[in-house]
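No value in this document is a laboratory result; all are computed from the given coordinates. Because the structure is predicted, anything quoted here is derived from the model rather than measured. Cβ placement follows ideal geometry from the backbone for every residue including glycine, while neighbour counts extend to all protein chains displayed.
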Amino acid sequence: MCDISALIQRWQSGDERAGEALYNHHREPIFRLAYGLLGDAADAEEVAQDALAYALNRIGQYDTARSSFSTWLHTITVSRCRDRQRRRRLPWLSLTAWLQQGGDARDPAPNPEAQAIRLETRSLVWNAIQALSPPLREAILLRYWAEHTFQEIAAITGCPVPTAQSRVRLAFQKLRAAIAPTALEDLGEEQVR
Amino acid sequence: MSNHPSDTELVNYAHHALADALRETMDDHLTACPRCQAALMDHQAIQQRIQHGLQADLGTAHPSPQMTFAALAPRLKRSRRVTPRGEQSRRFFSGATMLATLAALVVVLAALFGAISRPSGSASPAMIPQPPSVAMGAVLTASIAVADNEQLRLMSYDLSAAQLAPGAILTITLYWQTQRNLVGDYTVFIHLLDTAGRLMASHDAPPAEGTRPTRGWRIGEPITDSHTLVLPNTLTAGDYRLSVGLYDPGSGARLGDGVLLDRSITIAP
């Protein structure tokens, strides 16, 4: 029994409670995906509301044969996050630059107190992910957080499957360099053909 | 495979991103090469670390209380459920609105006529059935602690309502916690049973719609897991049981004592 399908049908037929149930069911997961992609809770909340409003208003465009409802929502959310990044030109730091700075994610407008709190409350993994380029961040979050297949990641991000695979691999290799720099040394040069 | 695989190949292998033929070759090599086995384990350890890091940061992130459906509702009323046949839909809704207005007028007139023609002194029946007292948003919280072999606990739960109408939607939020690393990915079941124990409605899904598989739960980490159960329109009024538990989707075997939560639910028309 697929309750989401039933909720969608009921929402389409005008049942407000079904819309609310759909919203409540996806509210936190969509917020979290947006938060991971944007790195800012306030932005993530706005984007999540936009994405959920879009999905509920255009529920007729959702095609159950093409993807799960979550995958469709993730596609909308990723698109909205890209819009937000373009519009606000959110600063993101390349991993190379971050590592050159000693591994500290520096705020371009540093507030020492805020930065200290942020660094205390954020894991090394989180900071390293936020330092990835947006396409790599999308790929790694969709794979590791949302647990999508490569086919789904390709569909969500609008790229070929091999590109989705490459992005996940590149993101992993960059994260590995950031969170376990000795791992590469342990592998040894002869490991690489 | 005479040479060791490259780092790229190993990473792709760890991510299940190799073609079948290359994967089989890699399987053979890994079977005989302790060094590559160790490298693969390193990769897998880093994968786990990334997953745990994400769960620690994202899994504990919550939107503000201002992010609600009520806040979104005004944005849904103007361009609601626009489909490729939007124009047609708008015409339909416009016609439907007119029909609803006419129907309401007929009901009011009929009620007035009934009231006038009813003999004085007779009992005054309710002319229009009152809506059931479905309290979406009312929260009932209870704490229980049922442990299974893996020390998994359903710490508490929230129900959107304890009394619902047929066709209503029940939202149940489960709060889990594990005391040990779990080896399996389990599925949550939510069953609505009648007094004879017959299944009337059910919802089976991995926790948090698959975003928080049990194998990734960290010891002591609170896991919030929401589910919705759509009640059939055909339910008759009466008392029902709501049963919640976990099972192994591979074997179908339920964990622990089978049912971690068993409570009554009233269906009232």
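So what's segment A:1-78 giving for Rg/Rh, alpha carbon basis, Kirkwood Rh from the mean inverse pair distance?
On the way: Rg = 12.3 Å, Rh = 12.6 Å.
Rounded to two decimals, Rg over Rh is 0.97.
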Per-residue mean of C-beta atoms belonging to partner chains within 10 Å, peptide B:55-62: 6
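Once you average over the residues of A:23-36, how many Cβ atoms of partner chains fall within 10 Å of each Cβ? Write out the running numbers ahead of the final one.
Numbers: counts 7, 10, 8, 2, 7, 11, 7, 2, 6, 10, 2, 1, 5, 4.
That average works out to 6.
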message: For a quick check: sort B:VAL244, B:VAL11 by the number of other beta carbons within 10 angstrom, fewest at the front.
response: B:VAL244, B:VAL11
- prompt: If we count every other residue with Cβ under 11 angstrom of B:PHE69's Cβ, Lys/Arg +1 and Asp/Glu -1, where does the sum land?
  reply: +1
- request: Quote the relative contact order of segment A:121-165 in percent (integer), defining contacts as alpha-carbon pairs under 8 Å separated by 6+ residues.
  value: 24
task: With a ≥ b ≥ c taken as the square roots of the eigenvalues of the C-alpha gyration tensor of segment B:182-268, please select rounded if a/c is under 1.5 and otherwise prolate if a/b is larger than b/c or oblate if it is not?
output: prolate
statement: Neighbours of B:MET200 by Cβ distance under 10 Å: Lys/Arg at +1, Asp/Glu at -1, summed charge +1
- line: For segment B:9-63, shape from the Cα gyration tensor axes a ≥ b ≥ c, cut at a/c of 1.5 then a/b versus b/c, turns out oblate
query: How many nm is it between the label spots at B:SER251 and A:GLU147, if each spot is 7 Å from the Cα in line with the beta carbon?
result: 2.0
query: Based on the Cβ-Cβ distance from B:LEU22 to B:ASP185, what FRET efficiency comes out when R0 is 30 Å, to the nearest 0.05?
result: 0.65
Neighbour cut-off at most 15 other Cβ (10 Å), DSSP loop, trypsin sites (Lys or Arg not before Pro), segment A:1-85: A:ARG66
